Every structure is written in structure tokens, then in C-alpha cells.
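This report refers to the structure that appears directly beneath it.
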Amino acid sequence: MGNFIDEWATRIAEAELRSTLPRRWAHTQGVGERAAEVRQLLGKDADLLIAAATLHDVGYAPRLAVTGFHPLDGARFLRDEHGADERLVRLVANHSFALLEAEERGLRDELASEFPLLDDPLLVDALVYCDMTTTPDGGRTTAQDRVAEIVGRYGADSVVGRFIRRAAPEIFSSVERIEAALAAQPR
């Protein structure tokens, strides 16, 4: 099943992002690469992580931007247009502590009721790790530098700036847990 879901996710993300948002597409590809690198931590859920990593930002596609909140728009698109797996949709909807940004946007109750947070801490942490250790251009970075880059790009007082500063301690903890799990893997 692995290759099918990975190829399916890549086809969708590429169709929605490559031509309209090439930098977002580059980031998406990098996040997918990070997911492939940590797949050994996830066992049977490795393919789910790779699909979620590949699709996490699909809601930025201009034609999908209904609410302007990409996790919610992306999750609704995957559910409604593609009948995507519920766990995948919930990961996309809640990636990288999206609930905190939803709160800033007045969409917390909508997000939480429509797409409850997945009760799978390792999978949730792994997706945060993949997203938050990847630059906007798809390269590697530290979570600290990624948060600083986001604040710099959006501004500290913007919705995104306020959200990412609130989420930073949680983001850093998620990344640290995945880095520790990777370090504990047999070489």
C-alpha cells in the first residue's frame, strides 16, 4: 500500500501547488523527504506520515483557500474531493499545532469539532518535526531557526506571528522527542 498512498499524495500536492505556489511546493517536497527519513520510527504508520507530510500545506492552493486557514481548507478538500482517510485528514487539519492558530483566527471550535486532534503523539510529533525542520525552500533547518524565519516573514504581531510564538515551546518539544527517538535507533 505504501507506494500507492505516497504517489497519490504527491500527485495531489503537485497538481495543487507546483505551478501556483512553487516555493510552497519546494517546502512540501522537503517535508516529504524528512518524513521518509524518520519513517522507521512509525512502523505501520510510516506511509500515513509521508502522505500527511506531502499534503500538509495543500490548503494554501489558491483554489482551495475558502477560510484562508490552510489546515482547515486542506483537510476539507482532502475529505470532500478525495474521500481521504480520516486519520490523514485529521493530521493535515491539526499539523504543527494548528489549533493554536485556529484560536487566533476564531476558528478553534470549528477545527476541533470537525477534525479532532489525532490521539497518536508519535505521529503528531513526527509531522511537526518534518514541517518545522524544513525551510520554505525545502532545505534542512533547526526548529528554532524555522520559528524565527516564520516570525520574520509574517511579523511578530500578525496572526501567524502570534500563533507561532505561542506554539514555539510545543514545537521545540515535539522536535526534541523525535530527535531523541532517532538517536535511540540502532545504527
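The values are calculated or read from the model by the stated rules, or taken from the named source; none is laboratory data. Bear in mind that the values here come from a model prediction, so they are computed numbers and not experimental data. Cβ sites come from the backbone with ideal geometry, for glycine too, and all protein chains shown count toward neighbours. The area values use the complete protein model at the heavy-atom level, side chains included, leaving out ligands, DNA and RNA. Shrake-Rupley method; radii C 1.70, N 1.55, O 1.52, S 1.80 Å.
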Within segment 121-162, residues being open to solvent by less than 40 Å² (accessible area, probe 1.4 Å) and in a helix (DSSP H, G or I) number 17
Which one of the conditions (1) open to solvent by 60 Å² or more (accessible area, probe 1.4 Å); (2) under 15 Å from the mean Cα position of the chain (by Cα); (3) under 20 Å from Arg23 (Cβ atoms) does Arg87 fail to meet, given that it meets all the rest?
(3)
Unmet criterion (only one of (1) closer than 18 Å to Val128 by Cα; (2) open to solvent by 10 Å² or more (accessible area, probe 1.4 Å); (3) hydrophobic (A, V, I, L, M, F, W, C)) for Ala15:
(1)
Just wondering, is there one or more residues in segment 30-49 that are among the β-branched types (Val, Ile, Thr), in contact with a Lys or Arg (Cβ under 9 Å, 6 or more places away or on another chain), open to solvent by less than 50 Å² (accessible area, probe 1.4 Å) and within 27 Å of Ser173 (Cβ to Cβ)?
no
Condition first: more than 15 Å from the chain's Cα centre (by Cα) and either over 17 Å from Tyr60 (Cα atoms) or part of a helix (DSSP H, G or I) (or both). Now tell me which residues in segment 90-110 satisfy that.
Glu103, Glu104, Arg105, Gly106, Arg108, Asp109, Glu110
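When you look at Leu118, is it at pLDDT below 95, touching a helix residue (DSSP H, G or I) at 6+ places or on another chain (Cβ under 9 Å) and in a helix (DSSP H, G or I), yes or no?
Against the criterion (at pLDDT below 95, touching a helix residue (DSSP H, G or I) at 6+ places or on another chain (Cβ under 9 Å) and in a helix (DSSP H, G or I)), Leu118 does not qualify.
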Can you tell me how many residues in segment 66-84 are crowded, with 19+ Cβ neighbours inside 10 Å and of a type in the set (Gly, Ala, Ser)?
3
Which residue pairs have Cβ atoms closer than 7 Å, lie 6 or more positions apart in sequence or on different chains, and pair a first residue in segment 52-65 that is touching a residue at least 24 places away in the same chain (Cβ under 8 Å) and open to solvent by 10 Å² or more (accessible area, probe 1.4 Å) with a second residue that is basic (Lys, Arg) and outside any loop (DSSP other than H, G, I, E, B)?
Tyr60/Arg24
Would it be correct to say that Arg165 is open to solvent by 10 Å² or more (accessible area, probe 1.4 Å), in contact with a strand residue (DSSP E or B) (Cβ under 8 Å, 6 or more places away or on another chain), part of a helix (DSSP H, G or I) and not β-branched (Val, Ile, Thr)?
no
